[in-house]
Amino acid sequence: MARRVRAGWLTGGIVLGLCPMAALAQAPKPAAPAAKAAAPDPAFEAAKAAFEALSEAERRTLQDALVWTGDLNSVVTGTFGKRTYDALTAYRVRSGGSGLLDAPARVALAKAGAAARAQAGFVVKPDPASGTVLGLPERLLPKRSPIPGGTRWQSPDGRITVETKSLPPGESSLEAVFARLTAPTPERRVTYKLQRPDFLVVTAETATGKSYIRYAAGAAGLRGLTLGYDKGLADSFDRLVIAIANSFVPFPEAAPTVPVARAAPVSPPAPPSAAPQAAPTATGLAVAPGRVLTSAAALGDCASPRIDGRPARIAARDAALILLDAGEVGKTGASPALRPEGAAPVEGLVLSAGGGASVTAAPGLLAADGRITAPLQPGAGGAPIVDEAGLLAGLVAAYPHAPRMVAGVVPPARYGTVPARQIGAFLAAAGVTTPAAAGATAGRLAGGIVGITCQP
């Protein structure tokens, strides 16, 4: 009988009745009129300014990490509000960090989120059967089978089910689907329902299960996402429900392909530049005073690299790496320790230069074949890859000139790298010494990240 109840989550219009999904579905309720406007909170306003100064990709990365750490039960939008502020504060208090949105705090948060994602085997990729894109905890849902117009994923015991679904134009309508999903039955209770001209969301629960369903309408018809799971798994699976729902893109072919605009950072101002700063062509890592390491492929045939708008001389170069003499411009250098050769695949962070002095930390998985899978953005060529122990595992070799974008953001993709052993040999030949053991944390390395541009 329990098996029939669980199957009913998916056949009767599975809808979810948990609080996190209500946060995903509900629009904010208007606040009651206040007799007197509250005074601005300086801490909140400072955090908001720092958050909004980051690129949209990094804002979304941080919110996604907060979902994975269990501190944020909300949609990942890239916008700042009380939910995000409270989540950042809760994470800082629990982790013992001293900063809320400085570079070390952002690196630590992204690292924690990446570790949780990796533990669940969460991967965002297309589902050809439905035409959608979504993220799934593949280690928890190894059973995969085709269904009409989509795909079904299940846990080995059948207590978790995720489905995608597509209906061609004219076969049904949002109104008809909404009526079916919200029709009363004795076995389940609808806890929330929302219908708009282009999408619907319904959540509900049964005696033993929770469920969530979303459909969207487009030129290609209707496409939907359905999740159902046992109530006994709520403590561990609630955050995964939010992550899956946040990752769902019903019509990726219709998503805009324009790059995300970057806001000006609020980091300490850089020294006066001889020329206006441009978006980074590549990322560099200060490995010693006045010395910046990057990938040769990332700079290509650039003969006039610049850091902070000032010329940087090429001090050493081989087929894979470049060492720049940055003079008085740039960072002090963190003397990165290198990850030993032959170690297992790396779950770590890619530290990329954003606009101005900002740093983006993207979670990535460096495989044994020397390629890394990560959601990188333009300018990530030459970016260092740091493992969980703070060791330098390699550099991103290059970034494509025309990356594929979904909703204005580049989804996770695979990139070539320059391995740590090759970096060690190159730096030794150039007279730069690296520690034999972990001598620099990810936070310290983040302080050595610089953006490199190429003078036309």
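The values are calculated or read from the model by the stated rules, or taken from the named source; none is laboratory data. None of these values were measured; they are calculated from a predicted model. We place every Cβ from the backbone using ideal geometry, glycine too, and count neighbours over all the protein chains shown.
Kindly indicate whether Ala270 is touching a Gly at 6+ places or on another chain (Cβ under 9 Å) and at pLDDT 80 or above. Steps first, please.
Working: touching a Gly at 6+ places or on another chain (Cβ under 9 Å): yes; at pLDDT 80 or above: no.
So Ala270 does not fit the description; no.
Can we say Val133 is at pLDDT 90 or above, touching a helix residue (DSSP H, G or I) at 6+ places or on another chain (Cβ under 6 Å) and more than 30 Å from Ala43 (Cβ to Cβ)?
yes
Taking region 75-102 only, how many residues are part of a loop (DSSP other than H, G, I, E, B) and surrounded by fewer than 18 Cβ atoms within 10 Å (Cβ to Cβ)? Of the residues in region 75-102, 9 are part of a loop (DSSP other than H, G, I, E, B) and surrounded by fewer than 18 Cβ atoms within 10 Å (Cβ to Cβ).
What about Leu194, is it in contact with a strand residue (DSSP E or B) (Cβ under 8 Å, 6 or more places away or on another chain), crowded, with 20+ Cβ neighbours inside 10 Å and assigned to a strand (DSSP E or B)?
Values: in contact with a strand residue (DSSP E or B) (Cβ under 8 Å, 6 or more places away or on another chain): yes; crowded, with 20+ Cβ neighbours inside 10 Å: no; assigned to a strand (DSSP E or B): yes.
So Leu194 fails the test.
Mind listing just one residue for me: the one in region 111-139 that is assigned to a loop (DSSP other than H, G, I, E, B) and surrounded by fewer than 20 Cβ atoms within 10 Å (Cβ to Cβ) and, of those, nearest to the chain's Cα centre (by Cα)? Before you say what the answer is, go through the steps one by one.
Initially, region 111-139 is screened for residues assigned to a loop (DSSP other than H, G, I, E, B), giving 121, 128-131, 138-139.
Retained after the next criterion (residues that are surrounded by fewer than 20 Cβ atoms within 10 Å (Cβ to Cβ)): 121, 128-129, 138-139.
Values: Gly121: 14, Pro128: 22, Ala129: 25, Glu138: 17, Arg139: 19 Å.
In this case the residue turns out to be Gly121.
So is Pro28 touching an Asp or Glu at 6+ places or on another chain (Cβ under 7 Å) and at pLDDT below 75 or not? Lay out the reasoning, then the answer.
Values: touching an Asp or Glu at 6+ places or on another chain (Cβ under 7 Å): no; at pLDDT below 75: yes.
No, not satisfied.
Of the residues that make up region 436-447, is at least one at pLDDT 75 or above and part of a loop (DSSP other than H, G, I, E, B)? Show your work before the answer.
Keep residues of region 436-447 that are at pLDDT 75 or above, which gives none.
No.
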